[in-house]
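Chemist: I am attaching a structure below and will ask some questions about it afterwards.
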Amino acid sequence: MKQNAYAKINLTLEIVGKRPDGFHNIESVFQEISLCDEIEIEKNNTLDIKFIPQIDTKKSTVHASSEIFFKKTRIRECAKIRIKKNIPIKSGLGGGSSDAATTLLLLNKLFSYPMKNSELIKVGETIGSDVPFFFLNGTALVEGRGDRVRLISPVKKLYVLLAIPPFSFSTKNSYSQINGFKFDTTNSTKKLISLLEKKKYGLIEIENCLHNDFEKMYLSIDENFASTLRNLEQKTSKKFHLTGSGSALFALFSNISEAKQAQTKLKKTDIKTILAETR
């Protein structure tokens, strides 16, 4: 049994306050893209999880989701799970969260649906803040700590050029640092949702709504990030945006030929590029 675990980009990401539980409330528009990990699963006597290329860990989201599933369902059989990793780790593209949600969906299907979808989502919430989105996919408004997800008018098909710098950020550290920053209210999320609902818009209108509070913070405190962003934009003459808490950046295109031209201009840099599209 196989299923793709798709990545996401954040078209907007606004930090709107800190919660009593230590997490932060966000307002964000998540967009599913075609880049994906590939997960294959079958019944097995023991829980056997391997990543390709191999990741030496027993603390992955796939391990966590599998262990909780078998504990809650009390199913005696186990599963052999193979994950081909195509989504860069620690990139803000949601690979770990997508893997967790997809693993839960596959396990539930493999063992004839012992859990309701609502129960799977509750399990997902305990694994990671972004996990609930990956049970719905598409284009969604994500609020709270990531647990409140509502599908919205989908983005028209766009091509996405991802740029993966040779450095990463710790999500936990980034949220800790952001406590000391004050951001002007942009209402970018609300503006983008309103634009999508009208259904008559172009790429320029979408780009005018793109926003990420982490990007603004990194530009002020991290020269390595700032120089990387400048380099991308100078070489391609295209605006790039941070997804999640990074470190991946993306640019949007309305046609694939322009996206490929921009990708070619970055071939001689130390930045890995991936071409995808919205789903």
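Chemist: Among residues belonging to the stretch 1-60 that are among the hydroxyl-bearing types (S, T, Y) and surrounded by 12 or more Cβ atoms within 10 Å (Cβ to Cβ), point out the one that is nearest to the chain's Cα centre (by Cα). Outline the logic, then answer.
Modeler: Within the stretch 1-60, the subset among the hydroxyl-bearing types (S, T, Y) is 6, 12, 28, 34, 46, 57, 60.
Filter once more, keeping what is surrounded by 12 or more Cβ atoms within 10 Å (Cβ to Cβ): 6, 12, 28, 34, 60.
Numbers: Y6: 8, T12: 12, S28: 11, S34: 12, S60: 16 Å.
In this case the residue turns out to be Y6.
Chemist: Only one of (1) closer than 13 Å to Y159 by Cα; (2) out of contact with any Ser or Thr (no Cβ under 7 Å at 6 or more places or on another chain) fails for G246. Which number is that?
Modeler: (1)
Chemist: Right, here's the next one. Among the residues of the stretch 22-29, is there at least one that is among the β-branched types (V, I, T) and part of a helix (DSSP H, G or I)? Walk me through it before giving the result.
Modeler: Kept after step one, since they are among the β-branched types (V, I, T), are these residues of the stretch 22-29: 26, 29.
Among the residues that remain, those that are also part of a helix (DSSP H, G or I) are: none.
Checking the stretch 22-29: not a single residue is among the β-branched types (V, I, T) and part of a helix (DSSP H, G or I).
Chemist: Could you check the stretch 242-257 and list, in sequence order, the residues that are touching a residue at least 24 places away in the same chain (Cβ under 8 Å), on the phi < 0 side of the Ramachandran plot and not aliphatic (A, V, I, L, M)? So that I can check it myself, show each step before the final result.
Modeler: Narrowing the stretch 242-257 to residues touching a residue at least 24 places away in the same chain (Cβ under 8 Å): 242-256.
With the extra rule that they be on the phi < 0 side of the Ramachandran plot, the set shrinks to 242-243, 245, 247-256.
Correct list: T243, S245, S247, F250, F253, S254, N255.
Chemist: Going residue by residue through the stretch 67-82, is there one that turns out to be assigned by TED's automatic domain parsing to the domain that holds K122, within 28 Å of F169 (Cα to Cα) and in contact (Cβ under 8 Å) with a residue 60 or more places away in the chain?
Modeler: No, the conditions are met nowhere in the stretch 67-82.
Chemist: Still on this structure, I have one more. I'd like to check something: does the stretch 180-201 contain any residue that is among the acidic types (D, E) and under 23 Å from the mean Cα position of the chain (by Cα)? Spell out how you get there, then give the answer.
Modeler: To start, the set of residues in the stretch 180-201 that are among the acidic types (D, E) comprises 184, 197.
If we keep only those that are under 23 Å from the mean Cα position of the chain (by Cα) as well, we get 197.
The answer is yes; a qualifying residue exists.
Chemist: Might you let me know whether the stretch 214-235 holds any residue that is loosely packed, with under 15 Cβ neighbours inside 10 Å, on the phi > 0 side of the Ramachandran plot and out of contact with any His (no Cβ under 7 Å at 6 or more places or on another chain)?
Modeler: No, the stretch 214-235 contains no residue that is loosely packed, with under 15 Cβ neighbours inside 10 Å, on the phi > 0 side of the Ramachandran plot and out of contact with any His (no Cβ under 7 Å at 6 or more places or on another chain).
Chemist: Just name the residue that is surrounded by the most Cβ atoms within 10 Å (Cβ to Cβ) out of those in the stretch 121-130 that are under 18 Å from T73 (Cβ atoms) and touching a residue at least 40 places away in the same chain (Cβ under 8 Å).
Modeler: We begin by selecting, within the stretch 121-130, every residue under 18 Å from T73 (Cβ atoms); these are 121-127.
Adding the requirement that they be touching a residue at least 40 places away in the same chain (Cβ under 8 Å) leaves 123-124, 126-127.
Details: V123: 20, G124: 28, T126: 11, I127: 22.
Across the stretch 121-130, the extreme among qualifying residues is G124.
Chemist: Could you give me the residue pairs with C-beta distances under 6 Å whose first residue belongs to the stretch 27-47 and is closer than 13 Å to K85 by Cβ, whose second residue is among the charged types (D, E, K, R) wherever it lies, and which are 6+ apart or on separate chains?
Modeler: Listed by first residue and then by second, the contacts come to D37/K85; D37/D99; E38/K84; E40/K2; E40/R82.
Chemist: Further, regarding this structure: Take the stretch 46-74 and flag every residue that is under 18 Å from G124 (Cβ atoms), not in a strand (DSSP E or B) and not hydroxyl-bearing (S, T, Y).
Modeler: Of all residues in the stretch 46-74, those under 18 Å from G124 (Cβ atoms) come to 49, 59-73.
Narrowing the set further to residues that are not in a strand (DSSP E or B) leaves 59-73.
Across the stretch 46-74, the qualifying residues are K59, V62, H63, A64, E67, I68, F69, F70, K71, K72.
Chemist: Now for a separate question. Out of the stretch 130-178, which residues are within 22 Å of A100 (Cβ to Cβ), in a loop (DSSP other than H, G, I, E, B) and at pLDDT below 95?
Modeler: Quick first cut of the stretch 130-178, residues within 22 Å of A100 (Cβ to Cβ) only: 130-151, 162, 164, 168-175.
Then keep just the ones that are in a loop (DSSP other than H, G, I, E, B); that gives 130, 136-138, 145-147, 168-170.
Of everything in the stretch 130-178, those that are within 22 Å of A100 (Cβ to Cβ), in a loop (DSSP other than H, G, I, E, B) and at pLDDT below 95 turn out to be D130, L136, N137, R145, G146, D147, S168, F169, S170.
Chemist: How many residues are more than 16 Å from the chain's Cα centre (by Cα) and under 25 Å from I152 (Cβ atoms) if we restrict to the stretch 257-279?
Modeler: 1
Chemist: Could you pull out every one of the helices (runs of 4 or more DSSP H) wholly within the stretch 188-279 that has 1 or more residues that are outside the structural domain of S176 (by TED's automatic domain parsing) and among the acidic types (D, E)? Break it down into steps so the answer makes sense when it comes.
Modeler: Working: elements: 188-198, 203-207, 213-221, 223-236, 256-265.
Answer list for the stretch 188-279: none.
The values are calculated or read from the model by the stated rules, or taken from the named source; none is laboratory data. It should be emphasised that the depicted structure is a prediction, and the values quoted were computed from it without experimental measurement. When we count neighbours, we look across all protein chains shown, and the Cβ atoms used for this are built from the backbone with ideal geometry, even at glycine.
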